[in-house]
Amino acid sequence: NAGPGSGKTRVITHRIAYLVQACGIHPLNIAAVTFTNKAAAEMRERLHPLMGPYARDITVSTFHSFCAMLLRKEGHIIDLDREFTIYDDSDQIALVKRSMKEINVDPKQFSGRAVLSKISNAKSQLIGTEGLSMTRDSYFEEIVARVYERYEALLTQASAVDFDDLLLKAHMLLDRFPEVTDRYQTRYSHIMVDEFQDTNVAQYEIAKLLSLKYRKLCVVGD
């Protein structure tokens, strides 16, 4: 059991240093992803004493930040505005409530938070509006599917995405557009994932797609 303090992040940072210094891998070809900004910052801090100026060229970020970078550069392929806005939790709740109002769903009967949680869970499992409509098996899920559809339309109108969209749309790009996938597989020949136990379906599939070309995927977790 590799719990907190057992050296998981140390494994990642020392492996990166070894790849660059002993194996001759260019720092630009390495990506290390984790789950919080704090963890990413800690990883960068640990790399500097090991690698000096080379550390600046390593891509170290959260999954969401990595996907946001990908979408800023490539999202136009799926008709996403390069200047898209990322909605935070309060923005999402407000938009869900607006969606419910516009399709005449009673907010006293259905909690906006509960509906948003269901939508978020669907996106994290790579389920879009059509997929959710097909799998609904209760009245609440039918309501969620209807709200989800309106919610997505309003996000599109606003040139906005939510946090789960960063993963969902990045996966869509990598899954459906081989020229994009090849570009990023070639750029990132070595992928590291810290805190792997926290990956959801979308994050796992993104890591797998990125590493298919060279199959140099290293993960650590509890």
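Condition check: modelled with pLDDT of 95 or more, closer than 30 Å to C23 by Cβ and open to solvent by 80 Å² or more (accessible area, probe 1.4 Å). Does K73 satisfy that?
When the stated conditions are applied, K73 passes them.
From the set of residues in segment 185-199 that are under 11 Å from V220 (Cα atoms) and among the hydrophobic types (A, V, I, L, M, F, W, C), which is most open to solvent (accessible area, probe 1.4 Å)?
F196
Residue under question is T9, and the condition is that it be open to solvent by less than 30 Å² (accessible area, probe 1.4 Å), modelled with pLDDT under 95 and either under 27 Å from E205 (Cα atoms) or touching a His at 6+ places or on another chain (Cβ under 9 Å) (or both); does it hold?
yes
Quick check on my filter: what residues within segment 88-114 are open to solvent by 40 Å² or more (accessible area, probe 1.4 Å) and more than 25 Å from the chain's Cα centre (by Cα)?
R98, K101, E102, N104, D106, P107, K108, Q109, S111
Which number in (1) touching an Asp or Glu at 6+ places or on another chain (Cβ under 8 Å); (2) part of a helix (DSSP H, G or I) marks the one condition that L126 misses?
Checking L126 against (1) touching an Asp or Glu at 6+ places or on another chain (Cβ under 8 Å); (2) part of a helix (DSSP H, G or I), the one that fails is (2).
Can you tell me how many residues in segment 51-62 are surrounded by 16 or more Cβ atoms within 10 Å (Cβ to Cβ) and either not in a helix (DSSP H, G or I) or not aromatic (F, W, Y) (or both)?
Qualifying residue count for the region: 7.
The values are calculated or read from the model by the stated rules, or taken from the named source; none is laboratory data. Here the structure is a predicted model, which means the values were calculated and not measured. Note that we place each Cβ from the backbone using ideal geometry, even for glycine, and neighbour counts take in every protein chain shown. When the accessible area is computed, the model is the full protein with side chains, heavy atoms only, and any ligands, DNA or RNA have been set aside. Shrake-Rupley method; radii C 1.70, N 1.55, O 1.52, S 1.80 Å.
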